[in-house]
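Scroll down for the structure; my scribbles are underneath it.
The values are calculated or read from the model by the stated rules, or taken from the named source; none is laboratory data. Model, not experiment: these values are computed from the prediction. Glycine also receives a Cβ, built like all others from the backbone with ideal geometry; neighbour counts cover every protein chain displayed. Quick note on the areas: whole protein, heavy atoms, side chains included, nothing else; ligands and nucleic acids left out. Shrake-Rupley method; radii C 1.70, N 1.55, O 1.52, S 1.80 Å.
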Amino acid sequence: MKSAILAFCLAVGLAGAATAQQAPAWSFAIHGGAGVIERDSLTPEQDAAYRAALHRALEAGSAVLAAGGSSLDAIQAAIALMEDDPLFNAGRGAVFTAAGRNELDAAVMDGSDLNAGAVAGLTTTRHPIAAARAVMEQSPHVMLIGEGADTFAESVGLEQVDPAFFFTERRWRGLESALRNQNLPIPSRPAGVPGSMADNTLTTPPLNERKFGTVGAVALDSQGRLAAGTSTGGMTAKRWGRVGDVPVIGAGTYASNRDGCAVSATGDGEYFIRATVARDICARIAAGSTSQTAAQAEVDDALSLGGSGGVIVMDAEGQPSFAMTTSGMYRGAVSSNQPARAAIYGDEELRP
Ligand code: ASP
């Protein structure tokens, strides 16, 4: 009897090991920005709200992929949801420029054919990720900026909103304190925004979170296509038409089936641009590095120049990797083999 039980346990154990080793049919990972995010910098309510938001985005992506949809559709669905969520620095809830505007950047890349689309400085397009995808699929170009980019987005039927749509009291307060620290004048509140709004977006941002909260996603679909997308409001109090790494293909966003990788980054964009982080991670993977080693080595190298941040990487086997130089990164993953799991703090494993 005992040996029968032992044999049964062994068989179950072996079957379990075989399943665990089998590459998933599809796989999906997201981030919601990296930064100084420590356990005592988030209230229990903020912690729970971020985890719930990550799970909603994972659910949106996995619903597409589980139904046989494309990695691009999964990325767009999850990022559009996070763009509408005031918790994140993308779409509604984006940080403000020094002039008191929201200028939004986004990019998407299809690893299967190395096609890419990017937008920078949008002010009226509700979903910058959809605009980036439209640039890729419906224009002969890779990157459009400013008013022209909004005009293009409108011309292909993408929803336009009053710029006040993106306003949150929380980010406005973040702008005021950043400008005060830099001895810069505080602009008047954007047109259409009431004099003072109750901050219903979890009040005080975590310490130093003013810079972060960019969102991104990487995916492998059941047809083996890798893709990456990223969307951001950039950096609080940015000036002079500053554009970060997010819409710079190869810096904050890159995907390549040839190399077997998809990457989305978050952090101090200037350093990600100078070190061509996303493209470099793919080159390291193509040269034989595991995705985890490639991701960590690249962020450590790149950010030795300065700044801080993190990346998410998907490899051709559907293995997600996360690497950061910060104390935290809002992140999560789900695949055909594993339920949705999320994490916030750097020392924390993903959990359901
Ligand atoms: N990388 C973004 C930028 O520099 C900001 C961020 O990820 O927090 O615009």
Within the range 294-309, is even one residue within 11 Å of the ligand (Cβ to nearest atom), within 19 Å of THR214 (Cβ to Cβ), under 19 Å from the mean Cα position of the chain (by Cα) and crowded, with 21+ Cβ neighbours inside 10 Å? yes
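Can you pull out every residue in the range 216-273 that is hydroxyl-bearing (Ser, Thr, Tyr) and surrounded by fewer than 20 Cβ atoms within 10 Å (Cβ to Cβ)? Break it down stepwise before answering.
Of the residues in the range 216-273, the ones hydroxyl-bearing (Ser, Thr, Tyr) are 222, 230-232, 236, 253-254, 256, 264, 266, 271.
Selection gives SER222 alone.
Scan the range 28-50 for residues that are surrounded by 19 or more Cβ atoms within 10 Å (Cβ to Cβ) and either within 21 Å of THR230 (Cα to Cα) or touching a helix residue (DSSP H, G or I) at 6+ places or on another chain (Cβ under 9 Å) (or both) and report the count.
From the range 28-50, those surrounded by 19 or more Cβ atoms within 10 Å (Cβ to Cβ) are 28-35, 37, 41-42, 46, 50; that's our starting set.
Cutting the leftovers down to either within 21 Å of THR230 (Cα to Cα) or touching a helix residue (DSSP H, G or I) at 6+ places or on another chain (Cβ under 9 Å) (or both) gives us 28-35, 37, 41-42, 50.
Looking only at that region, the number is 12.
Restrict the check to the range 150-165 and report whether at least one residue is within 16 Å of the ligand (Cβ to nearest atom), in contact (Cβ under 8 Å) with a residue 60 or more places away in the chain and either under 21 Å from the mean Cα position of the chain (by Cα) or open to solvent by 10 Å² or more (accessible area, probe 1.4 Å) (or both).
Within the range 150-165, the subset within 16 Å of the ligand (Cβ to nearest atom) is none.
No, the range 150-165 contains no residue that is within 16 Å of the ligand (Cβ to nearest atom), in contact (Cβ under 8 Å) with a residue 60 or more places away in the chain and either under 21 Å from the mean Cα position of the chain (by Cα) or open to solvent by 10 Å² or more (accessible area, probe 1.4 Å) (or both).
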Residues located in the range 159-177, provided they are part of a helix (DSSP H, G or I) and in contact with a helix residue (DSSP H, G or I) (Cβ under 7 Å, 6 or more places away or on another chain): GLY174
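Take PRO352 and tell me if it is open to solvent by 50 Å² or more (accessible area, probe 1.4 Å) and within 13 Å of ALA29 (Cα to Cα).
On the way: open to solvent by 50 Å² or more (accessible area, probe 1.4 Å): yes; within 13 Å of ALA29 (Cα to Cα): no.
The answer is no for PRO352.
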